[in-house]
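Since every read-out is calculated from the coordinates, none of them should be taken as a lab result. Keep in mind that this is a model prediction, so the values were computed, not measured. Cβ sites come from the backbone with ideal geometry, for glycine too, and all protein chains shown count toward neighbours.
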Amino acid sequence: MPFQAILREVDQLDNVSTRLEALAEQYPLVSEPLITIALSVRNTATLLEVLVAAKGPTPI
């Protein structure tokens, strides 16, 4: 089902965001841009999750 595939991608995007945040902690020189990108990725994941909640099948 396409909505399940989208939710799997949401999980992947959340993982990417978490890894970018970890890299930001390791490399202070580039921490600000990495945090900005991590937040953007996490926001995108959230928007996809909202899309699935709004357009996906209604739970029983």
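Starting from the 7 Å offset along Cα-to-Cβ, what nm value, one decimal, do you get for the label separation of residue 8 and residue 46?
Rounded to a tenth, the inter-label distance reads 2.6 nm.
If you put +1 on each Lys and Arg Cβ and -1 on each Asp and Glu Cβ, how big is the dipole of the chain around its Cα centre, in Debye rounded to 20?
So the dipole magnitude of the chain works out to roughly 200 debye.
Rounded to the nearest 500, what is the chain's calculated 222 nm mean residue ellipticity when only DSSP H runs of at least 4 contribute -39500 (n - 2.57) each, over all residues? Write out the running numbers ahead of the final one.
On the way: 2 runs with 50 residues, N = 60.
The helix contribution divided over the chain gives -29500 deg cm²/dmol.
Label points 7 Å out from Cα along the Cβ direction at residue 15 and residue 30: separation in nm?
With each label placed 7 Å out from Cα toward Cβ, I get 2.1 nm.
Work from the charge dipole of the chain (Cβ charges, +1 for Lys and Arg, -1 for Asp and Glu, about the Cα centre) and give the residue of 20, 34, 58 farthest towards its positive end.
58
Taking the Cα atoms only, what angle lies between the long axis of helix 31-55 and the longest principal axis of the chain, rounded to 10 degrees?
Orientation of helix 31-55: about 0 degrees from the principal axis.
Per residue, what volume in Å³ does the convex hull of the Cα atoms of the chain enclose?
Expressed per residue, the convex hull around the Cα atoms of the chain is 63 Å³.
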